[in-house]
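All remarks here apply to the structure that follows.
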Amino acid sequence: VLVADVVGLVGLYFRTLHSILARLLSSHVSALFTLLRLLRGQKRNVLRLRVDSLAYDQDQLLLGTVLFVVFVFLLPAILAFFGLVALVHGLF
């Protein structure tokens, strides 16, 4: 009975961690696509549900480029951690 309780608690931990990492990965990919649109000179128009062109300032493009590079380099680490937690979550 004690072993079943411990396995249940560990499983709860990994289920929670899996859901948190799934949200993190989803928001990370969404931010990557948004920054990619910024670099292409486009923005999403929420009211008309389309993508419009927009001229950004040089400072905005520089900040967008720096953030895009940081997000691209963080993506493999987030994917690896998510994959490991998903694998362990599948065992419990």
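Considering Leu21, Leu84, Leu25, Leu75, which residue is under 30 Å from Ala4 (Cα atoms), within 19 Å of the chain's Cα centre (by Cα) and open to solvent by less than 60 Å² (accessible area, probe 1.4 Å)?
Leu21
Report, by residue number, each residue of the range 1-53 that is in contact with a Ser or Thr (Cβ under 7 Å, 6 or more places away or on another chain) and among the small types (Gly, Ala, Ser). Let's see the steps before the verdict.
Initially, the range 1-53 is screened for residues in contact with a Ser or Thr (Cβ under 7 Å, 6 or more places away or on another chain), giving 39, 41-42.
Passing the criteria: only Gly41.
Please determine, by comparing only the residues of the range 50-72 that are part of a helix (DSSP H, G or I) and of a type in the set (S, T, N, Q), which one is least open to solvent (accessible area, probe 1.4 Å).
We begin by selecting, within the range 50-72, every residue part of a helix (DSSP H, G or I); these are 58-72.
The next check asks that each one be of a type in the set (S, T, N, Q); those that pass are 58, 60, 65.
On the way: Gln58: 156, Gln60: 86, Thr65: 60 Å².
Looking at residues that are part of a helix (DSSP H, G or I) and of a type in the set (S, T, N, Q), I get Thr65.
Can you pull out every residue in the range 28-49 that is outside any helix (DSSP H, G or I) and open to solvent by less than 70 Å² (accessible area, probe 1.4 Å)? Break it down stepwise before answering.
Step one: list which residues in the range 28-49 are outside any helix (DSSP H, G or I), which gives 40-49.
Of everything in the range 28-49, those that are outside any helix (DSSP H, G or I) and open to solvent by less than 70 Å² (accessible area, probe 1.4 Å) turn out to be Gly41, Gln42, Asn45.
Quick one: in the range 8-18, of everything that is open to solvent by less than 70 Å² (accessible area, probe 1.4 Å) and hydrophobic (A, V, I, L, M, F, W, C), which residue is modelled with the highest pLDDT?
Ranking the candidates gives Leu17 first.
The values are calculated or read from the model by the stated rules, or taken from the named source; none is laboratory data. This one's a predicted model, so the numbers in the text were calculated from it and none came from an experiment. For neighbour counting, all protein chains shown are included, and Cβ atoms are generated from backbone atoms with ideal geometry for every residue, glycine included. For accessibility, only protein heavy atoms count, side chains too; no ligands or nucleic acids. Shrake-Rupley method; radii C 1.70, N 1.55, O 1.52, S 1.80 Å.
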